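The values are calculated or read from the model by the stated rules, or taken from the named source; none is laboratory data. Given the structure is predicted, the values throughout are model-derived calculations rather than measurements. Note that we place each Cβ from the backbone using ideal geometry, even for glycine, and neighbour counts take in every protein chain shown. Just so you know, the surface numbers come from the protein's heavy atoms only, side chains and all, with ligands and any DNA or RNA stripped out. Shrake-Rupley method; radii C 1.70, N 1.55, O 1.52, S 1.80 Å.
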Amino acid sequence: MKRRKLFSTIGINILAWALSIVLLAPLLLILFNSFKTGKAAAEMNLALPASLEWSNFAVVIEKGKLGTTFLNSMLYSVCSVLLCTLLCTMASYVLSRNRRRLHNFLYLFLVLGIAMPIDFIPLMKVMQITKLMNTRIGIILLYTATQTPFNVFLIHSFVSKISPEIDEAAVIDGASPLGLFFRIVMPLMKPVLVTVMVLTFLNTWNEFVMPLYFLGSTDKWPMTLAVYNFFGMYFKDWNLVCADIVLTSLPVIVVYLLGQKYIVSGMTAGAVKG
């Protein structure tokens with residue numbers, strides 16, 4: 001019995017290592033090729049670069065206009081994170097504390113957006129009527145709206161596990177509604193809030209379709225569109241393309257590494273918190 005368990009553990013570990021290698025191979029391929037010369041990168045193999053060509057990144061930043069697109073992506077991501085976190089937290093708190101039929105309907109109506117596809121034709125018409133087409137505030141509002149359903153669902157399940165007695169005690173002590181929410185309730189939601197912030201940032205940074213449809217000016221493009229445009233111009237220079245991908249992915253990797261411990265805990269805390 002012990003031998004069978006040992007063999008099972010070894011087999012699972014071997015399978016996990018094999019899957020990890022398969023998943024890491026494309027990432028290593030891009031990373032290695034970003035430091036190679038154009039001729040060496042054209043071979044598209046996992047061989048280590050003979051010398052580190054740091055000039056690839058300088059060329060990408062200059063030719064691909066990554067400075068402007070980086071600031072655009074950072075603006076869209078940070079603003080979407082702040083708006084989405086604040087609005088979804090407030091909505092989830094109100095809907096979880098009021099169990100009336102209207103509030104349950106509103107909650108289900110919001111959460112339904114997780115499964116509903118985006119119809120771009122009427123959405124584009126709405127953007128044109130509201131004069132938000134090809135504007136930074138318009139794309140920020142779109143990012144916020146599209147990520148609201150899942151974030152409300154996530155936060156709502158967490159808030160519902162926080163005892164209402166905490167609210168009652170704070171009100172008895174003289175806390176105002178805003179003071180109750182910002183000083184008492186929000187600090188208790190730190191795990192799920194960090195999870196929402198990380199996931200919103202990652203989804204916003206990686207979004208490609210929305211800016212492609214709703215941002216016509218290149219000076220407002222995020223980094224994802226810059227990579228697409230850069231690949232169209234330098235599709236033969238795989239060292240430059242890989243360097244562009246590395247620079248675009250770097251902020252996402254950093255944010256994920258900083259917040260990874262909160263993602264699983266934030267998603268599961270609502271189920272075990274009591």
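Yes or no, residue by residue, for (1) of a type outside the set (D, E, K, R); (2) not in a helix (DSSP H, G or I):
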{"site": "Arg4", "(1), (2)": "no, no"}
{"site": "Ser8", "(1), (2)": "yes, no"}
{"site": "Ile12", "(1), (2)": "yes, no"}
{"site": "Leu29", "(1), (2)": "yes, no"}
{"site": "Phe32", "(1), (2)": "yes, no"}
{"site": "Ser51", "(1), (2)": "yes, yes"}
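Screening the candidates Asp219, Asp244 for the property of being part of a helix (DSSP H, G or I), at pLDDT 85 or above and either closer than 16 Å to Val60 by Cα or not charged (D, E, K, R) (or both) yields one hit, Asp244.
Summed over the stretch 109-143, the residues that are within 16 Å of Asn72 (Cβ to Cβ), part of a helix (DSSP H, G or I) and either of a type in the set (D, E, K, R) or open to solvent by less than 70 Å² (accessible area, probe 1.4 Å) (or both) give a count of 6. Consider the stretch 50-72 and keep the residues that are open to solvent by less than 90 Å² (accessible area, probe 1.4 Å) and more than 30 Å from the chain's Cα centre (by Cα). The one that is modelled with the lowest pLDDT is Ser51.
Residues of the stretch 34-49 that are open to solvent by less than 90 Å² (accessible area, probe 1.4 Å) and either of a type in the set (D, E, K, R) or in a loop (DSSP other than H, G, I, E, B) (or both): Ser34, Phe35, Lys36, Thr37, Ala42, Met44, Asn45, Ala47, Pro49.
Pull out all pairs, ordered by first then second residue, where Cβ-Cβ is under 9 Å, the residues are six or more apart or on different chains, the first lies in the stretch 107-136 and is more than 21 Å from Tyr213 (Cβ to Cβ) and among the hydroxyl-bearing types (Ser, Thr, Tyr), and the second is open to solvent by less than 60 Å² (accessible area, probe 1.4 Å) and not in a loop (DSSP other than H, G, I, E, B). Within 9 Å, the pairs are Tyr107/Ala91; Tyr107/Ser92; Tyr107/Leu95; Tyr107/Ser96; Tyr107/Val152; Tyr107/His156.
Checking Phe70, Phe7, Phe57 one by one, the residue that is more than 30 Å from Phe158 (Cα to Cα), among the aromatic types (Phe, Trp, Tyr) and free of Cβ contacts under 8 Å to residues at least 40 places away in the same chain is Phe7 and no other.
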